[in-house]
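The structure appears right after this line, and notes come after that.
The values are calculated or read from the model by the stated rules, or taken from the named source; none is laboratory data. Since we're looking at a predicted model, the values are computed, not measured. FYI the Cβ positions are ideal-geometry reconstructions off the backbone, even for glycines, and counts take in every protein chain you see. The protein model used for the area step is the full one, side chains on, heavy atoms only, and it has no ligands, DNA or RNA in it. Shrake-Rupley method; radii C 1.70, N 1.55, O 1.52, S 1.80 Å.
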Amino acid sequence: MAHQSAEVDFRTRLQNWIPKLVLSPSLAAVLVFVYGFILFTLYLSFTNSKMLPSYDWVGFENYRKLWGLSHWWTAITNLAIFATLYIVICTAIGLTLAILLDQKIRGEGMLRPIYLYPMALSFIVTGTAWKWFLDPGIGLENTMHLWGWESFEFGWIKDRNMAIYTIVIAAVWQTSGFVMAMFLAGLRGIDNEILKAAQIDGASNWNLYRRIVIPLLRPAFLSAFVILSHLAIKSYDLVIALTGGGPGRATELPATFMYSYTFSRNLMGVGASSAVIMLMTIAAIMTPYLYAELREKP
Amino acid sequence: MSAATQETAIRTGRIARTFIYVVLLVFALFYLLPFFVMLVNSVKPLSEITEGNMMALPKELTFAPWASAWSTAQIGVEPTGLRPYFLNSLFMVVPAVLICTALGALNGYVLTKWRFRGDTLLFGLMLFSCFIPFQIVLIPMARMLGIMGLAGSTAGLVLVHVVYGIGFSTLYFRNYYSAFPTELVRAAMIDGAGFFQIFWRIMVPVSGPITVVCVIWLFTNIWNDFLFGASFASGSKAPMTVALNNLVQSSTGVKEYNVHFAGAILAALPTLLVYIVAGRYFVRGLMAGSVKG
Amino acid sequence: MGFLDISNVTKSYGNTEVLHHVDISVEEGEFLVLVGPSGCGKSTLLNMIAGLESITSGDVSIKGRVVNGVHPSKRNIAMVFQSYALYPNMTVGQNMTFGLEMHGVPKPERDKALADVAALLQITPLLDRKPGQLSGGQRQRVAMGRALVRNPDVFLFDEPLSNLDAKLRVDMRTEIKKLHEKLKTTIVYVTHDQIEAMTLSTRIAVMYNGYVQQLGTPKEIYDTPTNLFVAGFMGSPSMNLLPVEVAMIDGAPHAVTTDADGAPLHLRLHQQNLSEWAGRKIILGIRPEAITDPEGADRASSCIIPMTNRVSVTEPAGSDTFATMTLAGQDSIARMRADASVGPGEMFEFAINMEKAVAFDPETERRIVP
Ligand SMILES: Nc1ncnc2c1ncn2[C@@H]1O[C@H](COP(=O)(O)OP(=O)(O)O)[C@@H](O)[C@H]1O
Ligand SMILES: [Mg+2]
């Protein structure tokens, strides 16, 4: 490298730095506003912060308190019910619709946008629509009564034990079309020659899907699972708009729990610890996924 | 990626096909019904809703609920209607989308065409930031906005949305540019073009489709956001979603369902419009954010 | 000191060295071809000359100026890429003058240069089209035009013909050769195709595993390959490489081996110093065209040896007929005239031109120099 230092001209050296300079504002923003803030919240979760952040270290006190709260247990039980049903039903509906739509359907161009449009709406709008649609007083129940089905009852949204399922219904309504689109893309990517070969081998349609197509959709299943589980854990707006966490605490989720403990009940330390637990749950799902995605395309 | 690339080779019989059509139509009804209910009831007088059938078409067509939702309904304490909040959202979403897209394009360009040691790790850090539960940043963000003097302002919301949107816009452009031949950049270097000249003259002119995808995605996400709006900009600076929620949840007075429905449609209108006009790009954006590249 | 000097250049990615101590000196007006199998480091070397890859150690100098670390645009070079790398959003004309524009050349001069080069390459009617509207051959021309407009000191080509179909490839090859003869520019040209290397170059550097195996004129490379790799890589069908033992018969060195039926075969070796190898093994390299039917043998040769052997397969290729036989236990190929009458399974009398045979040391794999 004898000549290098003498010969490298200014422009070349500048060109080596510009890319990094251009990237640095974004990077700095992410480091401060994401990772810095995560550390800050993590720190708060070990302090006795109430209405305002305080810096008195209390160790795992907040976490102990958190796991002792019946309110928190309600929230995570609800999350478990909600996430499981949401993921399973969305995947089932999405896969079914995708397979059916893939049968050279006339009017596919009309149906696809209809299935997908809820994804363009805000959860607040979705919540508002379903809130009144499921309201026994003016909604579906009332309509059925007026149509002559007197015994029809559908008051889940007012029922402590059933309200969480209304959240599932609205959430599935919003996202299942998107899952359908993901599976449809997967189906359209399958090489038709494989299907033709299997048909020549005498496979029935049922076996064709069960033995060949669905196994080939593995990547789409994985993506759907990752996206849906992360949406489930982050669900906040929908609950606020649909039930406000009620009746009582019947539809509290960790996201609403965190918000109310931090900002309404002024127990910031406990709120922070619940946020940390949410982050860890999502990180456990996302990190391996992102790692695999980034490693495959070097 | 999203649109039909090839038709399936699978064949189905007549009875099966009839069944398929029935199922597909039932689902279409399921997706359309709530919106149909909103639309129909937003043009009925209140009495017709409370006494009548939610599914029935209006006997008396009225646009008063729309007018009320837009300009006179009680939001919080002020009878301003949703109009000022609609404008708040607009002033928030436009700059946020522009800044975020521009940064995403530059980042994607650097991360694919000017690679350096550790760049994938940096990108991974940015990408992970899209998926964090935002609860984890609410407390420090509120303080930070306070310190910066941006608490409760539209500018503050713009900052928040830019910061948490960069990951996705970078992802879009990075994936798009990585399919763009590096030889072109090398040819331009030999031709004497510098970093920004290559970006402007070579990369930007071919970035049309991905820019549309990115803009639509950001627009939809930021317009529909509730959490940040509710946390950092309540009161007169609140965005549309927060105002709609206030309108619907307000416990005082009679519940004007028709006004709520009109308001909900107003809040949904911009994103729905985008969806109708550029649905193809919308779907592509959704997919790019989830399925492989 | 040549026009373009590559002295002791090494390239490492992390801890792996992919180019080892490369030394090549190119004279002005020379057409140097870097040839070798994929992954041997040709593109890396070319990119280092262009300034697109950094140099780990050693020097590259152009016209006596060391250019290590100098920006690609300031080396006065032009490059034609395998994918042509035409800017998709610009017209052909804009593509070709982009470099001049970036170098601040005024518009009238750019237009003049463009018109000249377009006329030379006969692409004037294409100037307003976009690259997407051109055929492969036309794109190739535009890519060359873009390089020519700059009037650089050195042209660099990275497999410029490998994306064309076979027929077009041959035409463009001729055209590049004509262009070089007309313009007398200095060219460094990368290819993995040994025929391209032979036909185009004034000199060839055969590369393998990050080493330059041999540097020489096409004739040197073809007739006196320096080692077994070069012998096997250059030429198609490739050279027959036969493991044989050297024995002295009547005071002259002979290669002792077996024919297709396992009968002993003695081939008189032309190279006298092989007597030193008596009783040892060598690898004897004989090109297919040195094994022919007697009528097709080279009359000028002083060492034509007859050999009778059983033919296993014949492949008429139009201009020639190739006959495969077993020699020294290996499938070997002879190149006969098209109308040589020979069929599979038949015994046939071949004529071997031993003057053209080369011998290699099986241990070092290097040629035994006469
Ligand atoms: N960016 C890189 N990082 C690591 N190894 C590389 C890189 N680029 C090329 N190589 C390695 O260097 C060797 C030479 O590559 P290249 O010059 O492209 O070969 P060729 O053009 O002869 O086919 C290959 O083994 C390749 O794997
Ligand atoms: Mg190469």
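So the values come out like this:
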item: Residue-count net charge about residue A:75 - beta-carbon cut-off 15 Å; Lys, Arg +1, Asp, Glu -1; result: +4
item: Cβ-derived FRET efficiency at R0 51 Å, residue C:109 paired with residue C:295, nearest 0.05; result: 0.25
item: Debye intensity ratio I(q)/I(0), log10, the protein assembly as shown, q values 0.06, 0.07, 0.08 Å⁻¹ (C-alpha model); result: -0.63, -0.79, -0.93
item: Using θ = phi - 60° and Karplus 6.51 cos²θ - 1.76 cosθ + 1.60, couplings along the stretch B:202-210 (whole Hz; Gly, Pro as x); result: 10, 7, 4, x, 9, 8, x, x, 6
item: Charge dipole magnitude, Cβ of K and R +1, D and E -1 - the stretch A:187-298, Cα centre, debye nearest 20; result: 100 debye
item: Protein accessible area in the stretch B:10-65, 1.4 Å probe - carbon and sulfur %; result: 75 percent
item: Relative contact order computed over the stretch B:83-289 (Cα-Cα under 8 Å; 6+ residues apart), in percent; result: 33 percent
item: Choice from A:257, A:225, A:60 with maximal GNM fluctuation in chain A (Cα, 10 Å cutoff); result: A:60
item: Among A:280, B:34, A:180 the positive-end extreme of the charge dipole of the protein assembly as shown (Cβ point charges); result: B:34
item: Two-decimal Rg to Rh for the stretch B:158-211 - Kirkwood Rh, Cα set; result: 1.07
item: Residue (of C:230, C:76, C:124) at the positive-pole extreme of the stretch C:4-233, dipole from beta-carbon charges; result: C:124
item: Residues whose placed amide H lies under 5 Å from that of residue C:312, excluding near-sequence neighbours; result: C:324, C:325, C:326, C:345
item: Where the Cα pairs of the stretch C:211-370 fall when distances are cut into 5 Å bins, in %; result: 2, 9, 18, 22, 21, 16, 8, 3, 0
item: Over the stretch C:4-233, relative contact order from alpha-carbon pairs under 8 Å, at least 6 apart, %; result: 29 percent
item: Rounded to whole Å, sorted largest first: equivalent-ellipsoid semi-axes of the stretch C:4-233, Cα gyration tensor; result: 30, 21, 15
item: Accessible surface of the stretch C:250-370, 1.4 Å probe, proportion on carbon and sulfur as whole %; result: 49 percent
item: Heavy-atom accessible surface of the stretch B:83-289: percent carbon and sulfur, 1.4 Å; result: 67 percent
item: Residue (of C:266, C:325, C:358) at the positive-pole extreme of the stretch C:240-360, dipole from beta-carbon charges; result: C:358
item: Whole-percent pair-distance distribution, where bins are 5 Å wide, for the alpha carbons of the stretch C:284-370; result: 3, 15, 24, 24, 17, 10, 6, 2, 0
item: Summed buried accessible surface, chains B and A, 1.4 Å probe, nearest 100 Å²; result: 9700 Å²
item: Pairwise burial A:C, computed as accessible area of each alone minus the pair, summed, 1.4 Å, Å²; result: 900 Å²
item: Two-site FRET efficiency, residue C:368 against residue B:125, from Cβ-Cβ distance with R₀ of 56 Å, rounded to 0.05; result: 0.40
item: Net charge dipole size for the protein assembly as shown [Lys, Arg +1 and Asp, Glu -1 on Cβ; Debye, nearest 20]; result: 2800 debye
item: 5 angstrom amide H check on residue A:48, placed H, neighbours 5+ away; result: A:56, A:58
item: Principal-axis tilt of helix C:92-102 within chain C, Cα atoms, nearest 10 degrees; result: 70 degrees
item: Chain B: C-alpha gyration tensor shape, a/c 1.5 cut-off, then a/b vs b/c; result: oblate
item: The stretch A:59-118: trypsin sites (Lys or Arg not before Pro) falling in loop per DSSP and having at most 11 other Cβ within 10 Å; result: A:106
item: Karplus-derived 3J(HN,Hα), 6.51/-1.76/1.60, for each residue of the stretch B:101-109, Hz, glycine and proline x; result: 5, 4, 5, x, 5, 5, 4, x, 4
item: Calculated on alpha-carbon atoms, Rg and Dmax of the stretch A:1-122 in Å; result: 27.1, 72
item: Too-long pairs where the Cα-Cα distance tops 20 Å, listed order kept, from B:44/B:255; A:131/A:158; C:42/C:74; A:131/B:44; C:219/C:356; result: C:42/C:74
item: 1.4 Å probe accessible area per residue over chain A, in Å²; result: 43 Å²
item: 1.4 Å probe, heavy atoms, protein only - residues of the stretch A:183-197 losing at least 40 Å² accessible area vs chain alone; result: A:185, A:188, A:192
item: Size of charge dipole - chain C - debye, nearest 20, with Cβ of Lys, Arg +1 and Asp, Glu -1, no other charges; result: 1540 debye
